[in-house]
Amino acid sequence: MEENEIDELEFEFEFYSDKVDNPALEEELLLEADSRLRSLAKDRRDMTGASVAVEKLVEAESNYLFRARVVAYIKPDKIAAVEKEPSAMEALKAALEGVERQVRESRTEISEPWKKPEAGPADHIIGS
């Protein structure tokens, strides 16, 4: 088995949709999420998987008809974004952009620890 095949097996992807009544749209959402999240995980060992949920909100007097939730299982913590938009694809893309931004920021912080502010002596005193 080649290394690329092993990497593919180690990345777990879950997709859930609720009340997305168009099978073609549902397939398009799944492919968009899978492609972007696998791209984000490519050649990295910190991201082990992701979960995506797209759901139609209860019909109400709201401009937001769909909610998308994207969770990236990334070491050392999970990263998540939730967005509400008028269309399922807009909600998904906005949530993916949020996760992608957070993952890039997290990776930068980890790779550049010298940029983190150091705790001063007063930061360790409890109750002051």
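So which residues in the range 29-45 are surrounded by 15 or more Cβ atoms within 10 Å (Cβ to Cβ) and of a type outside the set (Lys, Arg)?
Correct list: Leu29, Leu30, Glu32, Ala33, Asp34, Leu37, Leu40, Ala41.
Are there any pairs with C-beta distances below 8 angstrom linking a residue in the range 40-64 that is among the aromatic types (Phe, Trp, Tyr) to a residue that is modelled with pLDDT under 90, with the two at least 6 apart or on different chains, and if so which?
Tyr64/Leu57
Collect the residues in the range 18-54 that are part of a strand (DSSP E or B), over 23 Å from Arg107 (Cβ atoms) and modelled with pLDDT of 95 or more, keeping them in residue-number order.
Result: Ala53, Val54.
Whether any residue in the range 83-90 is in a loop (DSSP other than H, G, I, E, B) and of a type in the set (D, E, K, R) is what I want to check.
Checking the range 83-90: not a single residue is in a loop (DSSP other than H, G, I, E, B) and of a type in the set (D, E, K, R).
Which one is surrounded by the fewest Cβ atoms within 10 Å (Cβ to Cβ), of the residues in the range 66-87 that are more than 10 Å from the chain's Cα centre (by Cα) and modelled with pLDDT under 90?
Across the range 66-87, the extreme among qualifying residues is Pro76.
The values are calculated or read from the model by the stated rules, or taken from the named source; none is laboratory data. None of these values were measured; they are calculated from a predicted model. Because the Cβ atoms are built from the backbone with ideal geometry, glycine has one as well, and the counts that use them run over all protein chains shown.
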